[in-house]
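So the structure is just underneath, and the comments pick up after that.
The values are calculated or read from the model by the stated rules, or taken from the named source; none is laboratory data. Since we're looking at a predicted model, the values are computed, not measured. Positions of Cβ are generated from backbone atoms using ideal geometry, with glycine treated the same way; all protein chains shown enter the neighbour counts.
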Amino acid sequence: MILHQFEAKGLSHFSYAVGDAREIAIIDPERDIQTYLSFAETNGYKIKYILETHIHADYASGAKELGLKTGAELLLSAYDTGEKYEYKFPHTAVKEGDTYHIGKTRIEVLHTPGHTPEHISFLIYDEANPGSAPEAMMSGDFLFIGSVGRPDLLGEDDKLELAKMQYHSVTEKLRNLPDSLVIYPAHGAGSLCGAGMSKAASSTLGSERMFNPYLQNMTEEEFTDKILGTVPPFPEYYLRMKRINSEGPAILNGLPEPKAISPEEFVKLVEDKAVIVDVRHPLTYGGGHIENTINIGMGDQLGFWGAWFIPYEKPIYLVLDDESKLKSYVRDLVRVGLDNIAGHLAPNFSSWANRGNDFEDLPQTSVHALKDLSEFGEKMTVIDVRSDSEFAEGHIKGAKHIYLGYISKKLKELPGKEDAIFCICGGGSRSSLAASVLQQHGYENVYNVFGGMTAWKSAGYPVVSEQSSVISHQ
């Protein structure tokens, strides 16, 4: 049996190749389909089927384009009919009990609604051992390692009903499956498709029955209260991504190739207030950057945070320090449907500054300086932009908690634009993005605390865990 797991780290996304006898099926493919084409070509495999567990919300699907490119049959859930999101491009609709063979590998469809109404999982059998139990489950966003999929993607009116569906999927669809079944989810820790996911890439159903808090003996009411009480922050771009994936993302035919733009030409873009994203390291960005830009200097997290902050309807321009990394930046953005990457400052920011163009800085400060200021009684506000769980584990006394994704919506809850604001996260990257967004909105006295809470704790400074100062997401 062929079973290979692919990982897109910035999205905490797993996809799979499953098959036998030189043929494979690709399950839950991401937008950059070259990953799968190269895998098949390198190993001499033919892609026979393309399967999806559901209409995804957190990344742009590559299923439609991969099907067109390879001629493989597209097998998608039949349970989308009449739902808020339906597949609107040609495919084969599959239902529970449908089976597909690739050599001695059998793929069986199992309807597992809850995360979404149409969600299906795939049981994988090795028919070289006739009569044996399934060996693996491709569980998509139904069952994660240490968690289950969030049920609120369709909005407030539907989340309780979906939570109940999730309960019945957990209690009924898993009941007769063996402890030895290996669970391969579509996401790991870092994804917002569920709460409290493990970093592990796979597990067994037996292990999940022991340790997964959502697979314990609970009533329906206990389960729904628990899952609805632990949902992560809701990214608004999820709704847009659901629509894009139901319609089928635009066909790329390869990654976009943004043009190099000279400093002279870039001046006009700045004057027109174009969407400019600076992907350099936060310390580099802090030392000097073009006005009205945001800093997403997080490596493979560019796509994840870009989906929160970059407009989809406008051309995107990049500022980078290494043109050799341009392709990886483009790949990260198209993975979340940000296709309109029109150009980049060439060759880098230095060419802009060396020509005498205006730029500004984003002051960086250490945790030691922040500690001194707090002890001297300086008037200031510390904004902690980490996740709920990170904040709960320990934060600076008096810090306001605003999850990074919501920073633009919480401006009215901040002090005046002349007041000192210190943004902090785990290490300094997310807080740099937060501070750059505040600068873009006219805040004049913003600082990025580089080193973040990691440095604060390493210095032995006190932390508290109460959440009396949390600014609510809702």
* Pairs, please: C-beta under 6 Å, at least 6 apart or cross-chain, first residue crowded, with 24+ Cβ neighbours inside 10 Å and of a type outside the set (G, A, S) and in region 430-443, second part of a helix (DSSP H, G or I) and modelled with pLDDT of 95 or more? -> R430/L404
* Among the numbered criteria (1) over 27 Å from G10 (Cβ atoms); (2) out of contact with any Leu (no Cβ under 6 Å at 6 or more places or on another chain), which single criterion is violated by K199? -> (1)
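Let's see how each residue does on (1) out of contact with any Leu (no Cβ under 7 Å at 6 or more places or on another chain); (2) at pLDDT below 95:
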| site | (1), (2) |
| --- | --- |
| G405 | yes, no |
| F422 | no, no |
| S431 | yes, no |
| Q439 | no, no |
| M453 | yes, no |
| S469 | yes, yes |
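Any residue at all in region 58-67 that is among the aliphatic types (A, V, I, L, M), assigned by TED's automatic domain parsing to the domain that holds E135 and out of contact with any Pro (no Cβ under 7 Å at 6 or more places or on another chain)? Walk me through it before giving the result.
Step one: filter region 58-67 for residues among the aliphatic types (A, V, I, L, M), giving 60, 63, 66.
Filter once more, keeping what is assigned by TED's automatic domain parsing to the domain that holds E135: 60, 63, 66.
Subset that is out of contact with any Pro (no Cβ under 7 Å at 6 or more places or on another chain): none.
Checked region 58-67: no residue is among the aliphatic types (A, V, I, L, M), assigned by TED's automatic domain parsing to the domain that holds E135 and out of contact with any Pro (no Cβ under 7 Å at 6 or more places or on another chain).
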* Could you look through region 181-196, keep only residues that are among the small types (G, A, S) and outside any loop (DSSP other than H, G, I, E, B), and pick out the one that is surrounded by the most Cβ atoms within 10 Å (Cβ to Cβ)? => G194
* Could you tell me whether region 307-321 includes any residue that is over 29 Å from R243 (Cα atoms) and of a type in the set (A, V, I, L, M)? => yes
* Asked: Quick one: how many residues across region 390-404 are more than 15 Å from T454 (Cβ to Cβ) and exposed (fewer than 15 other Cβ atoms within 10 Å of the Cβ)?
  -> 3
* **Residue list for region 367-389, filter: within 20 Å of the chain's Cα centre (by Cα) and more than 15 Å from G452 (Cβ to Cβ)** => D388, S389
* To do: Kindly indicate whether any position in region 292-303 is over 18 Å from the mean Cα position of the chain (by Cα) and of a type in the set (D, E).
  => no
* **Qualifying position, being over 24 Å from E360 (Cα atoms) and crowded, with 20+ Cβ neighbours inside 10 Å, among G337, G306, G297, G286** => G337
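Criterion first (among the basic types (K, R) and surrounded by 15 or more Cβ atoms within 10 Å (Cβ to Cβ)) does K199 satisfy it? Even if it seems obvious, please write down each step before you answer.
On the way: among the basic types (K, R): yes; surrounded by 15 or more Cβ atoms within 10 Å (Cβ to Cβ): no.
So K199 does not fit the description; no.
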* What number goes with the only condition from (1) at pLDDT 95 or above; (2) surrounded by fewer than 22 Cβ atoms within 10 Å (Cβ to Cβ); (3) out of contact with any strand residue (DSSP E or B) (no Cβ under 8 Å at 6 or more places or on another chain) that Y45 does not pass? -> (3)
* Asked: Can you name the strands (runs of 3 or more DSSP E) wholly within region 247-328 that have at least 3 residues being within 20 Å of V446 (Cα to Cα) and in contact with a Phe, Trp or Tyr (Cβ under 9 Å, 6 or more places away or on another chain)?
  -> 275-278
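Kindly state which strands (runs of 3 or more DSSP E) lie completely within region 48-160 and contain at least 1 residues that are out of contact with any Leu (no Cβ under 7 Å at 6 or more places or on another chain), without any contact (Cβ under 8 Å) to a residue 60 or more places away in the chain and surrounded by fewer than 20 Cβ atoms within 10 Å (Cβ to Cβ). Spell out how you get there, then give the answer.
Details: elements: 73-77, 92-94, 99-102, 105-111, 120-126, 136-140.
Strands (runs of 3 or more DSSP E) meeting the threshold: 73-77, 99-102, 105-111.
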* Asked: Within region 209-232, can you find the residues that are under 18 Å from G146 (Cα atoms) and not in a helix (DSSP H, G or I)?
  -> N212, Q216, N217, M218, G229, T230, V231, P232
* Asked: Within region 227-243, is there a residue that is more than 26 Å from Y79 (Cβ to Cβ) and out of contact with any strand residue (DSSP E or B) (no Cβ under 6 Å at 6 or more places or on another chain)?
  -> yes
* Only one residue in A399, A420, A435, A392 is over 20 Å from the mean Cα position of the chain (by Cα), aliphatic (A, V, I, L, M) and under 15 Å from P282 (Cβ atoms). Which one? -> A435
* To do: Report yes if some residue within region 162-182 is under 27 Å from R386 (Cα atoms) and assigned by TED's automatic domain parsing to the domain that holds I227; otherwise report no.
  => yes
* To do: Could you figure out which of (1) within 19 Å of I55 (Cα to Cα); (2) out of contact with any Gly (no Cβ under 6 Å at 6 or more places or on another chain) isn't true of F142?
  => (2)
* Of (1) touching a residue at least 24 places away in the same chain (Cβ under 8 Å); (2) within 19 Å of N295 (Cα to Cα); (3) surrounded by fewer than 16 Cβ atoms within 10 Å (Cβ to Cβ), T365 satisfies all except one. Which? -> (3)
